[in-house]
1. Using a Förster radius of 22 Å, what is the FRET efficiency between residue 122 and residue 142 based on their Cβ-Cβ separation? Nearest 0.05, please.
2. Tilt of helix 87-97 relative to the longest C-alpha principal axis of the chain, in degrees (0 to 90, nearest 10)?
3. Cα atoms only: what Rg and Dmax, in Å, come out for region 4-154?
4. Could you give the angle, 0 to 90 degrees to the nearest 10, between helix 55-66's Cα long axis and the longest principal axis of the Cα atoms of the chain?
5. Helix 177-186: angle to the longest alpha-carbon principal axis of the chain, degrees 0 to 90, nearest 10?
6. Per-residue ellipticity at 222 nm for the chain, helices alone: DSSP H runs ≥ 4 residues times -39500 (n - 2.57), over residue total, nearest 500 deg cm²/dmol?
7. Counting other beta carbons within 10 Å of each Cβ, put 106, 174 in order, fewest first.
8. Counting DSSP beta bridges in region 4-154, what percent are antiparallel, to the nearest 5?
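Since every read-out is calculated from the coordinates, none of them should be taken as a lab result. Given the structure is predicted, the values throughout are model-derived calculations rather than measurements. Using ideal geometry, Cβ is built from the backbone for each residue, glycine included, and neighbour counts are taken over all protein chains shown.
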């Protein structure tokens, strides 16, 4: 019997954008994933000092971004749990809640570069297969037991999009209209 394949895709998603979406679509296709579970974090352990918009806004924007993709879902575990979001805690909860799943963890190459400094990296490796997608911010050695996602992806950071919005510059092809409308309605990133 075939085991389901589920990838966890976490991040601040402040805002979630087309680059995130293209990565998730490519991973779902290349690794024949049954689901990509998007997980907006509460507080990133790597960005504690960087202000982010309220988690409810980031969650809603992520829902809008993925709404037309049946294999994509959103999981609010880190927002509900509160505090600093550690991948190992989320992965432990996932494996306890659902057995018989092949778990994957989708990471950018820049995040993977610091992976060994994360909380319990060996436990993460035991519980999930890591998929790394390329980011054009330097070349990092990828371990032999890590899958590399193939493709040319939009290398844009959410911080760059926030800066564009703050300066009044349009963000064509970086955000879907539903997310742009949400940002405009709630006046996000316009006073940063």
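1. It comes to 0.80.
2. The angle comes out at about 60 degrees.
3. 14.3, 38
4. Long axis of 55-66 versus the principal axis of the chain: about 80 degrees.
5. Between the helix axis and the principal axis of the chain, the angle is about 60 degrees.
6. Working: 8 runs with 71 residues, N = 192.
For the chain, the value works out to -10500 deg cm²/dmol.
7. Numbers: 106 28, 174 19.
Ascending number of Cβ neighbours within 10 Å: 174, 106.
8. Details: 0 of 22 bridges.
Bridges in region 4-154 that DSSP calls antiparallel: roughly 0 percent.
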